[in-house]
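Take a look at the structure set out below.
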Amino acid sequence: MSRFSSWTTYLQVAPLSLVFLLFLVVPIATIVVVSFFDYNTTQIIPAFILQNYEELLLSPVTWQTYLQTLEFAAITWLLTFLIGFTLAYFLAFHVRTTTWQTVLFLVCTIPFWTSNVIRMISWIPFLGRNGLANMTLLKMGVIQQPLEFLLYSNFSVVLVYVHLYTLFMVVPIFNSMMRIDRALLEAARDAGASGWQTLINVIVPLCKPGIAIGSIFVVTIVMGDFVTVRMMSGGLSASVALMMANAMSLLQYPAAAANAVVLLILVLMTVAAMMCMVDIRKEL
């Protein structure tokens, strides 16, 4: 009977294990193998060389690109955290009825009813030299000439990132806040804690799992994105993923694979650091 139970357990795990193997382990292993291949302008040559990693890690351009990507990720994380935490706090503690919480939460999801590319492109006529933002500021007399940095700059890249990914921070933080026992907040107030002290010493510590999950979503997506950087920077900024896309367009697949391996290691280290600081299993 125990042997039958053991086989039943393996059979239950088998489908998920097979999917995990075929769609995660095999592709990653393939990328790692290809990263050691040689190549020329017309073909990929099976081999085992370290040249791809040497060219990648010894290039000043690579380091600048990685720093630029980390800068995008850090600024986007900070802004999405501030906005997401504020929205989640308002929905969880200032909206009294569940009905209105649901309605307002659905309002936050409305932008996700359209494509990311469409939402991204919609900023171009707003931020352009003759766009709505510049024209409004000129008519109000706030500025004397159009602001050039609004579009095709690091500013526009970060702005679109925040627009696209803030909801990924709102949802897990809101979920954490809704799980907080309101009696704890009453106890804090009874003990003489101010609203700010309650926020810092009670709410934020209890929301750490949600903050960590949202941070993982935002940081990993931003570090792996290249469409936003390509479209919103006008080719004036770079990211690691964009560097990989350019390499693939030139049929330099082993070089792109080596870049992907390094980026994957960096992302995994970032996620591991977050998981070491916060026990995300409490949220799952």
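Quick note: the coordinates plus some simple rules give every number you see, no bench work behind them. Please read all numbers here as calculations on a predicted model, not as lab measurements. As a convention, Cβ positions derive from the backbone with ideal geometry for all residues, glycine included, and neighbour counts pool all protein chains shown.
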Ranked by GNM mean-square fluctuation in the chain (Cα springs under 10 Å), the top entry among 271, 229, 61 is 61
Check: C-alpha center the stretch 50-89 vs C-alpha center the stretch 185-228, spacing in Å is 21
Which labelled figure in [x] 52, 42, 38; [y] 82, 70, 33; [z] 67, 43, 36 is Cα extents along the principal axes in Å, once derived from the coordinates: [y]
Can you pull the one-decimal nm distance between simple spin-label points at residue 251 and residue 26, each 7 Å off the Cα toward Cβ? 2.7
Taking trypsin sites (Lys or Arg not before Pro) in a DSSP loop with at most 16 other Cβ atoms within 10 angstrom as exposed, one finds the longest site-free stretch of the chain at 180-284
Net dipole in debye of the stretch 1-157 [+1 Lys, Arg Cβ; -1 Asp, Glu Cβ; about Cα centre; nearest 20]: 720
Of the residues 94, 131, 180, the Cα lying farthest along the dipole of the chain towards its positive end, which is defined by charges on the beta carbon of Lys, Arg, Asp and Glu, belongs to 94
Just grab the label-to-label distance for residue 187 and residue 64, each label 7 Å out from Cα along the Cβ direction, in nm (one decimal). 5.5
Mind telling me which of 266, 184, 151 comes out most flexible in a GNM of the chain, alpha-carbon contacts under 10 Å? 184
For the pair residue 33 and residue 114, how long in nm is the line joining their label points, each one 7 Å along Cα→Cβ? 4.4
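Pick out the long, greasy-scoring helices in the chain: whole DSSP H runs spanning 30 Å or more along their own axis by Cα, mean Kyte-Doolittle at least 1.6.
253-277
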Working out 0.36 nm times the residue gap between residue 43 and residue 94, then minus their Cα-Cα distance, what length gain in nm do you get to one decimal? 12.3 nm
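Where a ≥ b ≥ c are the square roots of the eigenvalues of the C-alpha gyration tensor, would you call the stretch 134-284 rounded, which needs a/c under 1.5, or, failing that, prolate if a/b is larger than b/c, or oblate? Numbers along the way, then the final one.
On the way: a/c = 3.85, a/b = 1.37, b/c = 2.81.
Judged from the Cα gyration tensor, the stretch 134-284 comes out oblate (a/c at least 1.5, b/c at or above a/b).
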What size of dipole, in debye to the nearest 20, comes out for the chain about its Cα centre when the only charges are +1 on Lys and Arg C-beta atoms and -1 on Asp and Glu C-beta atoms? 700
Dipole of the chain [Lys/Arg +1, Asp/Glu -1 at C-beta], most positive-end residue of 269, 12, 25: 12
Provide the descending list of Cα extents for the stretch 11-118 along its principal axes, expressed in whole angstroms. 64, 49, 25
